[in-house]
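The values are calculated or read from the model by the stated rules, or taken from the named source; none is laboratory data. Being a predicted model, the structure only gives us computed values, none of them experimental. When we count neighbours, we look across all protein chains shown, and the Cβ atoms used for this are built from the backbone with ideal geometry, even at glycine.
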Amino acid sequence: MNSEKLSELVVEALEDIKAVNIVKLDVRNMTTVTDWMIVASGTSSRHVKALIDNVSDVVKAAGHRPVGIEGADGGEWVLLDLQDALVHVMLPKVREFYNLEKLWSITPAGDAAATDR
């Protein structure tokens, strides 16, 4: 599965259980760590965990093995590393504080690289 199809699968998995404000960032020209950064919000710590669990289950079923997961114990910000895509699911207050979309959507020319869904 190529990285773009993986990112689309992640977005669909997030949409399936009502993630809030999903943003998919194309960071291929900004870093060699990953191709896509997907940021979404959950309405509660339980919802954040459920979103990450659903994404993990869906990508596993498609034959893609997650590399790692961080923050699942707290549930305020959970990171799922899929190698070609990094999935950040956060509570709205945490997301607003760190503002990852702004950090990663600024290209050297100042053009936005974000795709809102």
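Which residue is surrounded by the most Cβ atoms within 10 Å (Cβ to Cβ), if the candidates are limited to the stretch 56-93 and must be in contact (Cβ under 8 Å) with a residue 60 or more places away in the chain and more than 13 Å from the chain's Cα centre (by Cα)?
His64
Please determine whether any residue of the stretch 102-110 is at pLDDT below 90, touching a strand residue (DSSP E or B) at 6+ places or on another chain (Cβ under 7 Å) and surrounded by fewer than 19 Cβ atoms within 10 Å (Cβ to Cβ).
No; the residues of the stretch 102-110 include none that is at pLDDT below 90, touching a strand residue (DSSP E or B) at 6+ places or on another chain (Cβ under 7 Å) and surrounded by fewer than 19 Cβ atoms within 10 Å (Cβ to Cβ).
Would you point out the residue of the stretch 25-46, among those that are under 22 Å from Lys93 (Cβ atoms) and under 11 Å from the mean Cα position of the chain (by Cα), that is modelled with the lowest pLDDT?
Restricting attention to the stretch 25-46, the residues satisfying the condition of being under 22 Å from Lys93 (Cβ atoms) are 25, 37-46.
Subset that is under 11 Å from the mean Cα position of the chain (by Cα): 25, 37-41.
Working: Leu25: 90, Met37: 93, Ile38: 95, Val39: 95, Ala40: 96, Ser41: 97.
This residue is Leu25.
Give the residue, chosen from Val78, Val94, Val55, Val89, that is touching a helix residue (DSSP H, G or I) at 6+ places or on another chain (Cβ under 6 Å), part of a helix (DSSP H, G or I) and not small (Gly, Ala, Ser).
Val55
Which numbered condition trips up Glu8, out of (1) free of Cβ contacts under 8 Å to residues at least 24 places away in the same chain; (2) over 13 Å from Val87 (Cα atoms); (3) not aliphatic (A, V, I, L, M)?
(2)
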